[in-house]
Structure formats: C-alpha cells, structure tokens
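Here it is, the structure, as structure tokens.
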There are 2 protein chains.
Amino acid sequence: MRITLKDCAEIIGRYNSFLILTHASPDGDTLGSAFALKKALEKLGKTSQVVCNDEIPQKYSFLWEGTDNDEIKYEAIIAVDIADRNLLGEKFNGIYGDRVMLAIDHHLSHRDYAENTYVCDKAATAENIYGLINELGIEIDSGIATCIYCGMATDTGCFLFTNTTPDTHRIAAELMEKGADFAIVNKKMFETKTMSYLKLEQMALATVQTYFDGKCAIMHITQDMFRESNSNEGECDGIASLPRKIEGVQIGITVREKPNGAFKVSIRTVEPYDAAKICALFGGGGHNRAAGCEFICSLEDTKKALLKAVEAEII
Amino acid sequence: MRITLKDCAEIIGRYNSFLILTHASPDGDTLGSAFALKKALEKLGKTSQVVCNDEIPQKYSFLWEGTDNDEIKYEAIIAVDIADRNLLGEKFNGIYGDRVMLAIDHHLSHRDYAENTYVCDKAATAENIYGLINELGIEIDSGIATCIYCGMATDTGCFLFTNTTPDTHRIAAELMEKGADFAIVNKKMFETKTMSYLKLEQMALATVQTYFDGKCAIMHITQDMFRESNSNEGECDGIASLPRKIEGVQIGITVREKPNGAFKVSIRTVEPYDAAKICALFGGGGHNRAAGCEFICSLEDTKKALLKAVEAEII
C-alpha cells in the first residue's frame, strides 16, 4: 500500500525495535539514509540494526560509531532506498524480501514489495528520511546531519546532477548548520581514489568506443581488469558516469562483467534521452538520466543489443 | 580605500557607463561575476563592456548572448575577482592597472590597487556580486542567476570544497528558482572532458610514483605527452589536483614540462602540510594548500630537489 509521510511516522510509532535493510552493493544514499534513521530512532528510545547483504566498504565507517554487529531482536523491518526486492541481494531477498513492513524510497520506478511503501521523487532517499525525521519531531544533531548529507551528496554527485533541486540545497545548508561534517563526506566520497581504482579507470578508459557521431560512448570493465588492477566493485561507484563526461557524448554506457559472467549495464544520459526507457527494454529500470539493466550473454552481444536500442532512441 | 557594499551601490549610481575588467586566464568566477554585473547594470539603463587581457575560452559562451566586442565609451572601471593588479595580465595592467575606480573581490589576500575596494570573504566573488545586485534593488532574472551560479560553482568545485557555506547553498537554491540554468553550467564546468584530455590524464597517471609511505605522490607531464594525446595546457585546469586525490596522499605534486623545457611544479597538500612553504624554497608561492614553483633543470633533478624538500617537511 502506498502511504504518506505522516503514515510512516505513525507506523514507526507502533514499534520499538527495527531491522533496517540497505541495498546490495551499498552506496552513500542507502547507508546514509539507514544510519540517519537509526540515530533518529535512538533519540525516540527505539533500537535498530542496519544490515546489508554485502559487506559495507570501509570508506563509509564515518557514518556510524562502534560496531553494529550485535544481532538485536526486532519487531519490524524497514527498507531504505531499495526500488525492488531483488536489489536486496540474493540472500537477503530470500530471508527478508516478503517481510518488509515499510519501504522508504525515492525511485519512481519502485516496484512495491513492502506492506507499506512511501516513495517521493526527491534527489535522494536521504531527503525523504530528512522529511520523516522532521515529521517525527526529532531534533537533527550533527551525527544525523552527516548521514543525511552523505545520502544527498552521493545521489546528486555533490549537487552536480540535474536531480538537484532548490530544496536539496536548502536542506544541505540546514544540515551544515546542524553540524554535518560535510568536509569528511566530500573528501571520502569525491576526493579520494585508491591507486587500484585509478588503474582500473585507466584500463576502462582505454576501452571507450564512440558511436552515432560521438553521441553515444560505451566503456567496459571485465573481471580480468578487476584482478589486474586489484580493484573491486565496492570502489567503483562513480565509474558509470565516466563515458557521459566525454565531450559530445549524450548517452554514456558502462558494461561491467559480474563474477558470475553476466553483464551489469549502467546508462547515463543528458536530456532528452531516456536512460530508463532504454533499460526497460532489457528488463531494467531507474531514472530518466541514470538507469541500469543486466545481460546474460557475451560482451559483444550485450553491446550489439544496446547499440540497437540506442539507435532507436537517437533517431 | 576599503568600502562597504552600500558604498559600492552608491558609487555605481554615480556613473552611466562602465568597463568591467576580468583577470587573465579567466575562470568561471571572474567571468560569471562580470557578466552578472553587466546584465544587472543593463536593468538600471547603464551600459558596460566586459573585457579580458586573454581570450575568453569558448566553453564560457553560455554566459552572454551576442558579441561584446563593440568598444563603448566608459566613465568608470570596475575590476571583479582580481586580487592583485598583476593578475590583470601584462597588457591590461599597463593600460588599466592604476585607473580602477572600484574593485570587488573575495580574496582576503587582496592587495589594494583601486580607488575603492570591497573585499568580503565569501566562497566566490560572484557571491559578493549577488549581494551588490540585491543592494542595488535589481531583480535577478535567469540570465543574471546563471552567471552568479557559474561563479559560485566554479570556486567551490560545485559545492565540494570547504569554502562552501550554508549561505552558498541558500543562494544557489534561490538562483535555481530564479531560473539559473545550473544544468548547463555544471555540464560545461564539471562534466565535460575531451578525449584528448582523458588520454593525457591516462598517460600522466601512469607516471605516478609514491614516496614516504604513500604520503607523497609525484606525477609528471611532458611535452611529448601533450603531443601524443593532442591535448594542451588550456584544458588541464584540474589535473594538478589528481595526485592528492590518491588515497593516503597528503602532498600531491604535478611536474609539467613547459614548451621551453622548464618544469612548472604544482603542489597540493592536506593539513598540516604547507604547499606555499615548500614552493617558497624554490622561489615560488601560493596558498597553504595549493602552491607552485618552477625549475630549470632535468626532470630527474626537479623530482630529487622536491623530494628532499618534502622529506624535510614531512619529518
């Protein structure tokens, strides 16, 4: 059932302990949203545990203090920034996929799986968590502010992407005044690259090919490249935006080989090209300017199928 | 004489036509400030011309419509974002350096050269221009908003750097509501890399070597690399910040060969390391976190000398 922010607050009021689910391959928005919510619930005297199907990369450790490993008992499950139960990850989907009491998300493509679903088209799920925390009447402290800022900065590329709104900026201003450590978030998220990531980026850039008068660029990353560079999926959040950054490119595509040999595709576009529409052709989804899908075939066939879809979109 | 924002507005009221000076090697803040002011003055029925010692790169053409080449007669000269008359460029310094009636700037290091000087420590000069336009009672339209946004985004690295304040975000929100075309600014300033630049970046990254337990990284760029990548100095604004972005690096050094064979050195540090102090040893200077100097010797000897200076600073 789709519900309002007020309903979310009411539902949270009913329980005292929560399990908070983040999506697989966790990023700054799912984690920032989850830890902001956890810290806010603490202020109401409620307990909660943030969990993830995958290991949480070390670079996010600034979002929480102490360990979060002690298993707690919980009365209800909340999922944050998870547009589809498949994104919980295989194991978590199996365990929790049909038991989520409340899903809070910002993806308009959200496919309902929870008993109650709140989706509002904000720049980040963290912006919805900000709204919820205000709805709950909880004072935002510096810890909560840092988490929300992290989510918003992550999903807007530090206020760069066109999903940024005047509200995003105004909330960022307020969070800074509440003590958000924006310097550490920005440094960790946008100003730190590992040598292994830089090597991978070099290898990936060497594969870039452009099509349709340079309007479309495709780049690929193989498991071999991960091995050779000593890099891993966890440090590649931003790599999908690289092809679109090339001068003249309006549809930028990144094809990443997964450990199981499937290909994960990320598409980034500029107006008027619709990334979600292209990905929907292959069973994927997302936003107008950023979407994803998956292929189980060869790299060559993946690219061929994508180029055919792009051609139809461009002409 | 140092003056207030109110004084600035009063001085502008006295004249009907202005020459607006921008600094040499113009960037988004000096140009955004200048064109915002020009557009605002037009709304008061005043004429003005924006000029620069150097050619204005094509990528800034979105800041103004039509040509700005017709020489106008002017009654007073305004300088924006120019901390020192030397930064006007050699020719302009000679012609205009001692004739500036009003300097508007945000550099606390400003060395007075104008008859009247307004310096306020904001993230960008454009933020001071925003204040002035409000002081003058001029309604901000979409054209003015785009110019101010461009200046603020440029100098904060799109709200990334620690000079960003809550005010910066709040003004950005207001400018978006006034119709600032933030998407084009962000795309042009932060999301566009030429293939030639990307090739150069790959070559440069391949030269990175780290020292002192990874605390210092040195990268070099030769004239051969410029030729091979088909890149040039003009598109390398941000490359000097790359070595410091490597995880763990606290002193990042970029050594660039100049056409005459000399080596231009850029040093970027994180606290507590003082880039200006290191560069001063070699006759250079700058800010605590970003400074430069020059060597006339071999690449090898340049690096040796730098590493010796870094060692003394690190230990």
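Do any cysteines in chain A lack another Cys Cβ under 4.7 Å, and if so which?
A:Cys8, A:Cys52, A:Cys120, A:Cys147, A:Cys150, A:Cys158, A:Cys216, A:Cys236, A:Cys297
Right, another one. Between segment B:286-314 and segment B:88-108, what's the alpha-carbon centroid distance in Å?
After rounding, the separation between the Cα centres reads 31 Å.
Nm distances between the label at A:Ser17 and the same-position labels in the remaining copies, 7 Å along Cα→Cβ, shortest first?
Copy-to-copy label distances at A:Ser17, shortest first: 8.0 nm.
Between helix B:142-156 and chain B, what is the angle of the helix's C-alpha long axis to the longest principal axis, kept within 0 to 90° and rounded to the nearest 10?
That works out to roughly 30 degrees.
Same structure, new question: Could you calculate the contour length gain from A:Asp121 to A:Glu55, that is, 0.36 nm times the residue separation minus the distance between their Cα atoms, to one decimal place in nm? The partial results should precede the final answer.
On the way: separation 66, 0.36 × 66 = 23.76 nm, distance 2.80 nm.
Here the segment from A:Asp121 to A:Glu55 would lengthen by 21.0 nm.
Any chance you could look up the accessible area of B:Ser25 with a 1.4 Å probe, heavy atoms only, rounded to 10 Å²?
Per-residue accessible area (B:Ser25): approximately 90 Å².
Arranged from highest to lowest average of other beta-carbon atoms within 10 Å per residue, in what order do the peptides B:233-242, B:96-105, B:52-61 appear?
Numbers: B:233-242: 16.2, B:96-105: 20.9, B:52-61: 14.4.
Peptide ranking by packing, descending: B:96-105, B:233-242, B:52-61.
Kindly work out what percent of the DSSP beta bridges joining two residues of chain A are antiparallel, to the nearest 5. Before the final figure, lay out the partial values.
Numbers: 18 of 42 bridges.
So the antiparallel bridges amount to about 45 percent of the total.
A further question follows. Averaged across B:158-168, how many Cβ atoms of other chains sit within 10 Å of each residue's Cβ atom? Please report the intermediate quantities before stating the final value.
Values: counts 7, 10, 13, 3, 4, 0, 8, 3, 11, 2, 4.
For this peptide, the per-residue mean of nearby foreign Cβ atoms is 6.
Pairing the Cα long axis of helix A:195-205 with the longest principal axis of chain A, what angle in degrees results, from 0 to 90 and rounded to the nearest 10?
Helix A:195-205 sits at roughly 40 degrees to that axis.
Kindly provide the helix-only [θ] at 222 nm of chain A, computed as the sum of -39,500 (n - 2.57) over DSSP H runs of four or more divided by all residues, to the nearest 500 deg cm²/dmol?
On the way: 12 runs with 124 residues, N = 315.
Theoretical 222 nm ellipticity from helices: -11500 deg cm²/dmol.
What does the highest-first list of B:110-120, B:78-88 look like by mean Cβ count within 10 Å? Don't jump to the answer; show the numbers that get you there.
On the way: B:110-120: 18.3, B:78-88: 23.6.
Put in order of decreasing packing, that is B:78-88, B:110-120.
Mind giving me the nanometre distance, one decimal, between the label points for A:Leu5 and A:Lys46, set 7 Å out from Cα along Cα→Cβ?
Once both label points are built, they end up 1.6 nm from each other.
Taking a 1.4 Å probe, which of A:Lys277, A:Lys38, A:Lys73, A:Lys215 shows the most accessible area, and what order do the others take after it?
Ranked from most to least accessible, the order is A:Lys73, A:Lys277, A:Lys215, A:Lys38.
Determine the relative contact order of chain B: mean sequence separation of Cα pairs under 8 Å and six or more apart, normalised by residue count, in whole percent.
Working: 584 pairs, mean separation 37.8, N = 315.
In percent, rounded to a whole number, it is 12.
To the nearest 0.05, what FRET efficiency results for B:Lys215 and B:Glu294 with a Förster distance of 30 Å applied to their C-beta separation? The partial results should precede the final answer.
Details: r = 24 Å, r/R0 = 0.80.
Once the sixth-power term is evaluated, E becomes 0.80.
Let's see if you can work this out: charge +1 on each Lys and Arg Cβ, -1 on each Asp and Glu Cβ, no other charges. What is the dipole magnitude of chain B about its Cα centre, in debye to the nearest 20?
Numbers: 33 positive and 46 negative charges, 84 e Å.
Computed charge dipole of chain B: roughly 400 debye.
Okay, moving on. Leaving ligands and nucleic acids out of the surface, order B:Cys279, B:Cys297 by accessible area at 1.4 Å, largest first.
Descending order: B:Cys297, B:Cys279.
Next question. On C-alpha positions alone, give me the angle between the axis of helix A:166-177 and the longest principal axis of chain A, in degrees, nearest 10.
It works out to around 50 degrees.
Gap in Å between the Cα centre of segment B:176-240 and the Cα centre of segment B:120-149?
29
Rolling a 1.4 angstrom probe over the protein chains, ignoring ligands and nucleic acids, what is the accessible area of B:Arg14 in square angstrom, nearest 10?
Per-residue accessible area (B:Arg14): approximately 140 Å².
Return P(r) of chain A (all Cα-Cα pairs; 20 Å bins starting at 0; whole %; ordered from short to long distances).
Reading the bins upward from 0: 33, 58, 10.
Right, something else. Calculate, in nm to one decimal, what B:Asp167 and B:Ala183 gain on full extension: separation in residues at 0.36 nm each, minus their alpha carbon distance. Numbers along the way, then the final one.
Numbers: separation 16, 0.36 × 16 = 5.76 nm, distance 2.03 nm.
Here the segment from B:Asp167 to B:Ala183 would lengthen by 3.7 nm.
The values are calculated or read from the model by the stated rules, or taken from the named source; none is laboratory data. Because the structure is predicted, anything quoted here is derived from the model rather than measured. As a convention, Cβ positions derive from the backbone with ideal geometry for all residues, glycine included, and neighbour counts pool all protein chains shown. Only protein heavy atoms, including side chains, enter the accessible area calculation; ligands, DNA and RNA are left aside. Shrake-Rupley method; radii C 1.70, N 1.55, O 1.52, S 1.80 Å.
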